[in-house]
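Data block below; observations after.
The values are calculated or read from the model by the stated rules, or taken from the named source; none is laboratory data. For clarity, every value in this text was computed on a predicted model and none was experimentally measured. Please note: Cβ atoms are built from the backbone with ideal geometry, for glycine as well, and neighbour counts cover all protein chains shown.
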Amino acid sequence: MDTLSNNNVVKTPNGRATQKFYFDYKTRTIKSKANNYSFNIASAGRSANMQLAGTNSLWYQIFKMDGAYIVNARGKVVTVQGGDLEASNVGVSKRNGQATQHWSVVYCNTVKDKTSGFNEEFGF
C-alpha cells in the first residue's frame, strides 16, 4: 500500500516512507511514517474510500488485524477496489473472502523479543 495525495492505493514496494505504516498504541490507529496521519474512512465513515487524515481515534480510524484482514471497529474490511492493479484505490467494504482483502504485514525493523509491544486485541 502507498499514499498518493492522502488516498491509499496499491503500489509496487519501493521502500519509501509513504509505504510504511505503524500501529500507534496510544491512539489505537494505524499511522503513516511519512506524515503521522492515520488510516481513515473518508467522510467520517460514510464513504467506502480510505485515506490518511489527522488522528481523532474515532471508530472510522480504529483498525485491527484479524488473520489476513485489516478490519475496522465496525467490521469494514480494507479492500483493493477494482482488482489488484498498480495504483488501484484502497477502500473498505464488507468481508467477502476475496484476495483483494488479504493483507500481509512486513516488519521493517528487527526486534529481539517478537512479543514485546504486541497488542493481542489489535493484532499488532
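Checked against the criteria, VAL78 counts as of a type outside the set (Ser, Thr, Tyr) and buried (at least 16 other Cβ atoms within 10 Å of the Cβ).
Answer yes if at least one residue in the range 18-41 is in a helix (DSSP H, G or I), more than 23 Å from ARG95 (Cβ to Cβ) and at pLDDT below 90, and no otherwise. Step through it out loud before you land on a result.
First pass over the range 18-41, keeping only residues in a helix (DSSP H, G or I): 18-19.
Then drop every residue that is not more than 23 Å from ARG95 (Cβ to Cβ), which leaves 18-19.
Imposing the further condition that a residue be at pLDDT below 90 reduces the set to 18-19.
Within the range 18-41, one or more residues are in a helix (DSSP H, G or I), more than 23 Å from ARG95 (Cβ to Cβ) and at pLDDT below 90.
Among the residues of the range 60-80, those identified as farther than 10 Å from ARG95 by Cβ, in a loop (DSSP other than H, G, I, E, B) and of a type outside the set (A, V, I, L, M) are GLY67, ARG74. Picking from residues in the range 91-124 that are of a type in the set (Val, Ile, Thr) and modelled with pLDDT under 90, the one that is farthest from ASP2 (Cα to Cα) is THR115.
State which residue is nearest to THR18 (Cα to Cα) when the search covers only the range 81-111 and only residues that are of a type in the set (Val, Ile, Thr) and in a strand (DSSP E or B).
Start the filter on the range 81-111 by keeping residues that are of a type in the set (Val, Ile, Thr), which leaves 90, 92, 100, 105-106, 110-111.
Applying the additional criterion that residues be in a strand (DSSP E or B) yields 90, 92.
Working: VAL90: 14, VAL92: 19 Å.
Among them, the one singled out is VAL90.
State yes or no: is LYS64 of a type outside the set (Val, Ile, Thr), buried (at least 17 other Cβ atoms within 10 Å of the Cβ) and at pLDDT below 95? Spell out the reasoning first.
Details: of a type outside the set (Val, Ile, Thr): yes; buried (at least 17 other Cβ atoms within 10 Å of the Cβ): yes; at pLDDT below 95: yes.
It is true that LYS64 is of a type outside the set (Val, Ile, Thr), buried (at least 17 other Cβ atoms within 10 Å of the Cβ) and at pLDDT below 95.
Given the criteria buried (at least 16 other Cβ atoms within 10 Å of the Cβ), in contact with a strand residue (DSSP E or B) (Cβ under 7 Å, 6 or more places away or on another chain), within 16 Å of ARG95 (Cα to Cα) and at pLDDT below 95, does MET50 qualify? Yes: the conditions hold for MET50.
Give me the residue from the range 1-17 that is assigned to a strand (DSSP E or B) and in contact (Cβ under 8 Å) with a residue 40 or more places away in the chain and, out of that set, farthest from ASN72 (Cα to Cα).
LEU4
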